[in-house]
């Protein structure tokens, strides 16, 4: 999970998925690898959507930092980034709606099966 939180980890995750592993991209992490970008890059690398999941950390704790990186407070993460990621996949990366939904529906179900 959180494989999009830094570039080296994301690259390792792609290699893991190429070998048959399942990777989870976090929808609330925008940098350095935005969630829709990460999913699109995985597909471009030949990784089946069945091996890519998307999660939000919804209702989990979410830290907030100031410009210097100091923790200012802790809030509660929402779920809206899941829908936002689907919308970006369709609008900016030309995914079909069904393919854009797979990382948070059938890919997760398949992994849990």
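Throughout, read-outs are computed from the coordinates displayed, never taken from laboratory work. Remember, it's a predicted structure, so these values are computed and weren't measured experimentally. Please note: Cβ atoms are built from the backbone with ideal geometry, for glycine as well, and neighbour counts cover all protein chains shown.
Here are a few things to note about the model shown:
- The stretch 42-98: relative contact order in percent, alpha carbon pairs under 8 Å with at least 6 residues between: 25 percent
- Inter-centroid distance (Cα atoms) of the stretch 79-113 relative to the stretch 9-60, Å: 11 Å
- Relative contact order of the chain, defined on C-alpha pairs under 8 angstrom at six or more residues apart (%): 24 percent
- For the stretch 7-112, the spherically averaged projection of the C-alpha convex hull amounts to 7.2 nm².
- From least to most packed, judged by other beta carbons within 10 angstrom and beginning with the fewest, 102, 18 follow the order 18, 102.
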